[in-house]
Structures are given as C-alpha cells and as structure tokens.
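Please read through the structure below; I'll follow up with questions.
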Amino acid sequence: MDNNYFGMFKKIKDSCRENNVLDLQFYNEYFSSYYDALTKEMGDEDIRFYINYCMKYQSPILELGCGGGRVSIALAKKKLYVTGVEKSEDMLKIFERRLDTQYKRIKKYIKLYHQDAQALNLPEKYNVVIFPATTIRLIKGELSTFFNGIYEVLAANGCFIFDFLDEESV
C-alpha cells in the first residue's frame with residue numbers, strides 16, 4: 001500500500017493510469033494552495049472538538065501539521081497560546097500571510113516553526129498536542145518512535161489528540 005495517498009487523494013490516484021500521475025513533493029507551492037482551499041470546505045466539527053479539549057487543558061498547545069492555520073487560528077481566537085509546526089515551507093507562508101492580513105489581533109497567540117513532526121526540537125512543553133486532519137497517516141517509520149517524540153514535548157498530565165480514519169470501515 002502506498003502510504004503517501006489516502007482519503008480522496010488515494011481515490012483520485014487509484015482512478016488514474018500510472019503513467020498519468022505526476023508525484024510532487026507534498027505541499028509544494030501549488031499543492032499547498034489547493035490543500036488550503038480544500039480544508040476551508042471541511043466545516044468546523046473537528047475545530048469544536050479541539051477547542052473543547054484545549055479549553056480543558058489550557059495553553060500552551062502544540063499543533064502538528066498546522067498547515068494554513070485553520071485549527072490554530074480557531075484556538076487563538078479563544079485566547080489560547082498555540083505553537084504550530086509544519087514541514088512545508090509553502091504551507092507556513094500561507095499561514096503567515098493569513099496572520100499578517102486577516103488575523104493581526106490574534107497573531108500574538110501563535111508561534112510557528114518549520115519542522116518535521118517526527119523530529120521535534122521545541123523550547124517548551126505543551127499541555128495539549130494535537131495532530132488534526134488524519135495527518136498521522138503520513139508518519140513514516142515506527143509509530144512508537146513518533147509517540148516517544150510526542151511524549152518528550154508533553155507537559156506532565158498533558159494530552160495528545162489525533163484523529164484517524166480507517167478506510168476499511170467507511
């Protein structure tokens with residue numbers, strides 16, 4: 001199974017003849033804009049879920065795979081301090097541009113880092129670590145190694161929240 005594709009992207013790739021698919025680096029400039037536009041259509045059910053838990057545990061919060069900021073911005077609007085980690089420089093540019101143009105008043109609640117979620121090097125511990133949008137499916141290698149890295153950035157009694165879609169049950 002090709003772990004680079006899942007959900008609707010796997011269906012699109014599977015529907016194409018192999019020689020008609022051009023694999024691009026995940027979240028390059030073109031794809032970042034496309035992905036950002038798609039996430040606007042996701043609704044806010046997941047955001048309400050993350051807000052609920054993050055309000056219980058309070059700041060600081062770490063969002064892995066923060067993308068264009070959909071979840072982090074919603075948390076910052078609640079005056080929660082959020083650190084966003086994103087592997088894609090292009091996705092971070094979208095997020096930073098959004099903060100500079102649309103969300104200047106909450107920018108003080110958000111710190112951004114260009115890092116891989118599998119190799120975190122952050123200056124603090126977090127009460128909550130979230131990994132939205134089934135992004136955990138992109139983790140390469142042993143999940144136990146990834147979870148150990150999460151443990152290192154969690155504060156005592158902290159909480160790690162991720163979602164996962166099992167396509168076999170859908």
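The values are calculated or read from the model by the stated rules, or taken from the named source; none is laboratory data. Computed from a predicted structure; not experimentally measured. A quick note on method: Cβ atoms are made from the backbone with ideal geometry, for glycine too, and the neighbour counts reach across all protein chains shown. The accessibility values were calculated without ligands, DNA or RNA, using every heavy atom of the protein model including side chains. Shrake-Rupley method; radii C 1.70, N 1.55, O 1.52, S 1.80 Å.
Grab the other residues whose beta carbon is less than 11 angstrom from that of LEU62, score K and R as +1, D and E as -1, and report the net.
Residues close to LEU62 contribute a combined charge of 0.
Can you give the accessible area of ARG98, probe radius 1.4 Å, in Å² rounded to 10?
40
Subtracting the Cα-Cα distance from 0.36 nm times the residue separation, let me have the gained length for GLN102 to PHE160 in nm, one decimal.
Full extension of this stretch gives 18.0 nm more.
Still on this structure, I have one more. State which entries of LYS111/LYS140; LYS107/LYS140; LYS78/LYS125; LYS77/LYS140; LYS108/LYS140; LYS87/LYS108 exceed 28 angstrom in Cα-Cα distance in the structure shown.
Flagged as over cut-off: LYS107/LYS140; LYS77/LYS140; LYS108/LYS140.
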